[in-house]
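Please read the structure below before turning to the comments.
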Amino acid sequence: MDALIRIDDVTKQYDRAGQPALDGVGLQVAAGEAVAIMGPSGSGKSTLLNLVAGLDRPTSGTVTVAGVRIDTLSETALARYRRRTIGMIFQFFNLLDDLTVEDNVLLPAQLAGVRRAEARSRADELLAALRISQHARDYPARLSGGERQRVAIARALVNRPTLLLADEPTGALDTATGEQIGEVLLDLNHTGQTLLLVTHNPDLAARYASRTVELVDGKLASDVTTGVRR
Ligand SMILES: Nc1ncnc2c1ncn2[C@@H]1O[C@H](COP(=O)(O)OP(=O)(O)OP(=O)(O)O)[C@@H](O)[C@H]1O
Ligand SMILES: [Mg+2]
């Protein structure tokens with residue numbers, strides 16, 4: 001496999017005394033895959049995602065994304081990596097409440113130094129695709145949970161990331177709204193977006209990912225590719 005993500009023998013130990021959060025994990029993900037990461041609470045799912053996002057570093061082992069060893073990058077290079085290569089969405093959306101929807105979406109583009117006009121046209125395109133253009137000038141507090149998550153997805157995509165990471169993106173949503181977000185993620189994957197999705201929900205994993213990886217106690221317990229998608 002020509003891996004976009006390559007995790008080799010990764011261990012993450014937050015404190016010396018306890019059990020490691022990840023224990024000798026190896027995983028490769030090809031460009032264009034949609035991979036669900038499942039496992040019990042505390043099994044290391046978010047830790048794994050954060051290592052791929054460059055938000056944290058492994059205690060040992062290597063993390064390589066798009067051919068670059070990110071576990072050894074400087075802080076400056078990591079910040080650039082996060083801006084250019086990674087889009088991330090979370091359970092509780094993490095929008096900035098005192099910025100409008102449009103400004104939330106524009107923020108990562110501004111941080112990456114993208115020209116204002118170009119960033120605006122990309123943001124408009126995403127807001128339209130995600131059917132939230134009518135809320136462009138509203139503040140997030142006025143939006144429903146599903147709408148907020150669509151704003152968060154637009155924000156994650158504004159810099160055209162190589163990799164979209166999602167940590168329980170439907171965890172705070174009701175079933176129907178969660179399914180709508182699942183559909184958005186599936187559509188994105190169908191256009192070629194590589195997706196790593198942490199979820200507790202087996203239906204979401206089965207319907208919106210073509211491969212499911214399971215962590216138990218920080219170890220890879222199973223890795224099943226179904227390849228079956230609608
Ligand atoms: N910043 C941290 N400092 C210390 N320990 C941590 C930290 N983050 C996670 N841990 C510990 O590492 C282990 C794995 O946590 P992690 O958040 O990766 O689990 P998870 O699978 O995402 O769980 P959940 O499904 O509840 O979100 C847990 O025992 C947790 O307490
Ligand atoms: Mg977690």
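The values are calculated or read from the model by the stated rules, or taken from the named source; none is laboratory data. Since the structure is predicted, the reported quantities are computational estimates derived from the model, not experimental observations. All Cβ positions, even for glycine, are placed from backbone atoms using ideal geometry, and neighbour counts span all protein chains on display.
Using the structure shown, decide if Ser222 is small (Gly, Ala, Ser), exposed (fewer than 13 other Cβ atoms within 10 Å of the Cβ) and more than 19 Å from Leu51 (Cα to Cα). Answer is yes for this residue. Give me the residue from the stretch 104-132 that is surrounded by fewer than 17 Cβ atoms within 10 Å (Cβ to Cβ) and charged (D, E, K, R) and, out of that set, farthest from Arg148 (Cα to Cα). Per the criteria, the residue is Arg115. Pairing residues of the stretch 29-42 that are free of Cβ contacts under 8 Å to residues at least 12 places away in the same chain with residues that are more than 10 Å from ligand 2 (Cβ to nearest atom) and assigned to a loop (DSSP other than H, G, I, E, B), at Cβ distances under 7 Å and at least 6 apart in sequence or on separate chains, gives no pairs at all.
A residue that is more than 25 Å from Gly192 (Cβ to Cβ) and of a type in the set (Asp, Glu) can be found somewhere in the stretch 54-74. The set of residues from the stretch 45-68 being within 16 Å of ligand 1 (Cβ to nearest atom) and not aliphatic (A, V, I, L, M) comprises Lys45, Ser46, Thr47, Asn50, Gly54, Asp56, Arg57, Pro58, Thr59, Ser60, Gly61. Do we have Gly192 as under 19 Å from the mean Cα position of the chain (by Cα), closer than 24 Å to Val52 by Cα and crowded, with 20+ Cβ neighbours inside 10 Å here? In short, no. Taken together, the criteria place Leu4 among residues that are in a strand (DSSP E or B), away from ligand 2 (no atom under 16 Å from the Cβ), hydrophobic (A, V, I, L, M, F, W, C) and out of contact with any Phe, Trp or Tyr (no Cβ under 7 Å at 6 or more places or on another chain).
Of all residues in the stretch 51-80, those that are touching a residue at least 12 places away in the same chain (Cβ under 8 Å) have Cβ atoms under 7 Å from Cβ atoms of residues that are surrounded by 15 or more Cβ atoms within 10 Å (Cβ to Cβ) and among the acidic types (Asp, Glu), 6 or more apart or on another chain, in Arg57/Asp71; Pro58/Asp71; Gly61/Asp8; Thr62/Asp8; Thr62/Asp71; Val63/Asp71.
Of the residues in the stretch 24-35, at least one is at negative phi, buried (at least 18 other Cβ atoms within 10 Å of the Cβ) and either within 16 Å of ligand 2 (Cβ to nearest atom) or basic (Lys, Arg) (or both). Here is a check on your reading of the model: is Leu173 surrounded by fewer than 23 Cβ atoms within 10 Å (Cβ to Cβ), closer than 17 Å to Leu95 by Cβ and without any contact (Cβ under 8 Å) to a residue 40 or more places away in the chain? For Leu173, the condition - surrounded by fewer than 23 Cβ atoms within 10 Å (Cβ to Cβ), closer than 17 Å to Leu95 by Cβ and without any contact (Cβ under 8 Å) to a residue 40 or more places away in the chain - is met.
Go through the stretch 209-218 and give me each residue that's under 16 Å from Leu49 (Cβ atoms) and either charged (D, E, K, R) or modelled with pLDDT under 90 (or both).
Result: Arg211, Glu214.
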